[in-house]
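Worksheet: the structure to be examined is printed underneath.
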Amino acid sequence: MLATDESPIGRQKPKLLPLFIYPNPILHKVSTDVETFDDSLAQTIADMFLSMKHYGGVGLSAVQIGILKRIIVLDIGGKPLYYVNPKISVSELPDKFKFNEGCLSVPGYFENRERPNLISVSYQDVDGKYQVEAMEGLQSFAFQHELDHLNGVTFVDGFSPLKKELVSKKIAKTLKRRSR
Ligand code: CO
């Protein structure tokens, strides 16, 4: 749909930003609402798209590249999507979506998880205009994962100390392999 190195929303030249890796304490900070809808917001979103593509994810939250603002980007089926100040309402239905959950900030570790399937989302666009969207499947799963990041939560936070040690080992091994 869009070239990967172009901003889908503006003329900004996107920059690659460094990715913060678990257990960096920034990942446990709560991000704050975006209040100013200006060029620097459009720039941040463009930087997020580029960084998500570069690191090979289907989703990214701003905190993962060091920006404590409530912004999410997704890349589902080649379609770049962004959400500013996203809010969620989860369907009462017992319907779940299962996926092998992973995270760019937790490289090399994956685990089968389920999350509510149908969600309804409200957010603001780059101009501050309010929007709503219903979603399901991978998009819903990824959105919920990224929204957790904005609240300072990663998908491995609830793990036992032993399991967290395993996660840290996986991360170290993966980073070592990548640096070769
Ligand atoms: Co993540």
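Taken together, the values in this text are just the output of simple stated rules run on the coordinates, not laboratory data. Computed from a predicted structure; not experimentally measured. All Cβ positions, even for glycine, are placed from backbone atoms using ideal geometry, and neighbour counts span all protein chains on display.
Name the single residue that is nearest to the ligand (Cβ to nearest atom) among those in the range 124-168 being assigned to a loop (DSSP other than H, G, I, E, B) and farther than 30 Å from Asp38 by Cβ.
Phe155
Output the number of residues of the range 30-48 satisfying the condition of being surrounded by 13 or more Cβ atoms within 10 Å (Cβ to Cβ), touching a Leu at 6+ places or on another chain (Cβ under 8 Å) and not aliphatic (A, V, I, L, M).
The total comes to 2.
For the range 35-82, which residues satisfy the criterion of being of a type in the set (Lys, Arg) and not in a strand (DSSP E or B)? If you could, list the steps in order and put the result at the bottom.
Of the residues in the range 35-82, the ones of a type in the set (Lys, Arg) are 53, 69-70, 79.
Matches in the range 35-82: Lys53, Arg70.
Of the numbered conditions (1) crowded, with 19+ Cβ neighbours inside 10 Å; (2) more than 16 Å from the ligand (Cβ to nearest atom); (3) of a type outside the set (A, V, I, L, M, F, W, C), Glu114 fails exactly one; give the number of that condition.
Of the numbered conditions (1) crowded, with 19+ Cβ neighbours inside 10 Å; (2) more than 16 Å from the ligand (Cβ to nearest atom); (3) of a type outside the set (A, V, I, L, M, F, W, C), the odd one out for Glu114 is (1).
Among what's in the range 76-106 and is closer than 25 Å to Ser179 by Cβ and either under 13 Å from the mean Cα position of the chain (by Cα) or more than 15 Å from the ligand (Cβ to nearest atom) (or both), pick the residue that is surrounded by the most Cβ atoms within 10 Å (Cβ to Cβ).
Per the stated criteria, the residue is Ser105.
Could we say that Tyr109 is aromatic (Phe, Trp, Tyr), closer than 19 Å to Ser140 by Cβ and buried (at least 20 other Cβ atoms within 10 Å of the Cβ) here?
no
Cβ-Cβ below 8 Å, separation at least six or inter-chain, first residue in the range 108-132 and among the polar types (S, T, N, Q), second part of a loop (DSSP other than H, G, I, E, B): which pairs?
Filtered contacts from the range 108-132: Asn117/Ser91; Asn117/Leu93; Asn117/Asp95; Asn117/Glu136; Ser120/Ser91; Gln124/Val34; Gln124/Phe37; Gln131/Asp125.
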